[in-house]
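Asks: Please read through the structure below; I'll follow up with questions.
The values are calculated or read from the model by the stated rules, or taken from the named source; none is laboratory data. On a predicted model such as this, the values are computed, not experimentally measured, just so you know. Using ideal geometry, Cβ is built from the backbone for each residue, glycine included, and neighbour counts are taken over all protein chains shown.
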Amino acid sequence: MTVRNAKHATFTIERVYPASPARVFAAWSSKEAKTAWAYCHPEWPVSDHVFDFREGGREHLVTGPAGGTRHVFDAVFHDIVPDQRIVYAYDMHLDERRISISLATLEFFAVAGGTRLVLTEQGVFLDGYDDIAGREEGTRIGLDNLERQLKQQRAA
Amino acid sequence: MLNYQAAPLDLAFQALADPTRRLMVERLSRGPASVSELAQPLEMTLSAVVQHLAVLEASGLVRSEKVGRVRTCRIEPTALHSAERWISERRASWERRLDRLGTFLADTDPTSEPRRRK
């Protein structure tokens, strides 16, 4: 039986890039540019990708390890201010399970020598993640991610 | 900031920082095992294995129970599967993506000298 829970979280990540706000914004606003860097696992095949970058437009991406769990991303762009701001809402499914619904806000600020990008994600994270594909696979995914985070902690 | 308490995750990170304990968790991820079964592939004394087990139990990653003379260990999936883990994975995923964006911007910089490009 699935234990139902809904956890809310907000986090903010900032980066300063030595590039103009127009160039940083452009990396988010075309399918070609975003595909070059934005997806978590570049080695996973993409079976479906819609990218309609306008207010009210949507992005839909289906990917995942070959033969494994399908990762489905669905977003609606709500607010687009060229070179300054993008706000979109998205949900994530693993196969049929909805695991999160989020609001992502990207703010682009011109600073000396480049752009400060501020990402804020506000989300509700659902029970679907707890029993995605059995205990063993879930544990391995968890361990892999823990190990990656440990490496990042050491590198930081 | 994430609005969850960091302490349980810190304990899990500490527990998994050790390669022996990672082996033990990997073994238990395939199913429950007795302490001697856990110790069997490891080149160390049983008491050292018991100490590692104590760290894993304190972190919440592993539970054990003694029935008769046999202590059986099993993975505690909630420690790894909780929503908090998922949230911290999401954040880590964003961190990696924004790093890749930095690389992408550097690689496509129209003002950089060609020799500085990848």
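Asks: Given the conditions (1) in contact with a helix residue (DSSP H, G or I) (Cβ under 6 Å, 6 or more places away or on another chain); (2) at positive phi, and given that A:Arg97 satisfies all but one, which numbered condition is not satisfied?
Replies: (2)
Asks: Just a yes or no: is a residue in region B:71-89 within 16 Å of A:Trp37 (Cα to Cα) and either within 9 Å of chain A (Cβ to nearest Cβ) or modelled with pLDDT of 90 or more (or both)? It would help to see each step written out before you state the result.
Replies: Quick first cut of region B:71-89, residues within 16 Å of A:Trp37 (Cα to Cα) only: none.
The answer is no; no qualifying residue exists.
Asks: Using beta carbons and a limit of 7 Å, which pairs, at least six apart or on different chains, have the first residue in region B:13-28 and more than 10 Å from chain A (Cβ to nearest Cβ) and the second one β-branched (Val, Ile, Thr) and assigned to a helix (DSSP H, G or I)?
Replies: B:Arg21/B:Val55
Asks: Let me ask something else. Can you find even one residue in region A:93-103 that is closer than 19 Å to B:Trp94 by Cβ, free of Cβ contacts under 8 Å to residues at least 24 places away in the same chain, surrounded by fewer than 17 Cβ atoms within 10 Å (Cβ to Cβ) and not β-branched (Val, Ile, Thr)?
Replies: Scanning region A:93-103 turns up at least one residue that is closer than 19 Å to B:Trp94 by Cβ, free of Cβ contacts under 8 Å to residues at least 24 places away in the same chain, surrounded by fewer than 17 Cβ atoms within 10 Å (Cβ to Cβ) and not β-branched (Val, Ile, Thr).
Asks: Only one of (1) in contact with an Asp or Glu (Cβ under 7 Å, 6 or more places away or on another chain); (2) farther than 19 Å from A:Lys7 by Cα; (3) assigned to a strand (DSSP E or B); (4) free of Cβ contacts under 8 Å to residues at least 40 places away in the same chain is not met by A:Val118, so which one is it?
Replies: With respect to (1) in contact with an Asp or Glu (Cβ under 7 Å, 6 or more places away or on another chain); (2) farther than 19 Å from A:Lys7 by Cα; (3) assigned to a strand (DSSP E or B); (4) free of Cβ contacts under 8 Å to residues at least 40 places away in the same chain, A:Val118 is out only on (4).
Asks: Identify the residue in region A:19-42 that is at the interface with another protein chain (Cβ under 8 Å from one of its Cβ atoms) and assigned to a helix (DSSP H, G or I) and, among all such residues, is farthest from the chain's Cα centre (by Cα).
Replies: A:Arg23
Asks: In contact with an Asp or Glu (Cβ under 8 Å, 6 or more places away or on another chain), in a strand (DSSP E or B) and closer than 15 Å to A:Gly56 by Cα, is that true of A:Phe77?
Replies: Numbers: in contact with an Asp or Glu (Cβ under 8 Å, 6 or more places away or on another chain): yes; in a strand (DSSP E or B): yes; closer than 15 Å to A:Gly56 by Cα: yes.
Against the criterion (in contact with an Asp or Glu (Cβ under 8 Å, 6 or more places away or on another chain), in a strand (DSSP E or B) and closer than 15 Å to A:Gly56 by Cα), A:Phe77 qualifies.
Asks: On the given criteria, is A:Phe11 touching a residue at least 60 places away in the same chain (Cβ under 8 Å), closer than 23 Å to A:Ser102 by Cβ and in a helix (DSSP H, G or I)? If you could, list the steps in order and put the result at the bottom.
Replies: On the way: touching a residue at least 60 places away in the same chain (Cβ under 8 Å): yes; closer than 23 Å to A:Ser102 by Cβ: yes; in a helix (DSSP H, G or I): no.
Spelling it out, it is not the case that A:Phe11 is touching a residue at least 60 places away in the same chain (Cβ under 8 Å), closer than 23 Å to A:Ser102 by Cβ and in a helix (DSSP H, G or I).
Asks: Determine, yes or no, whether A:Thr12 is closer than 22 Å to A:Val76 by Cβ, within 9 Å of chain B (Cβ to nearest Cβ) and β-branched (Val, Ile, Thr).
Replies: yes
Asks: Something else: Which residues, counting only those in region A:75-92, are more than 17 Å from the chain's Cα centre (by Cα) and surrounded by 17 or more Cβ atoms within 10 Å (Cβ to Cβ)?
Replies: Answer for region A:75-92, where residues must be more than 17 Å from the chain's Cα centre (by Cα) and surrounded by 17 or more Cβ atoms within 10 Å (Cβ to Cβ): just A:Ile80.
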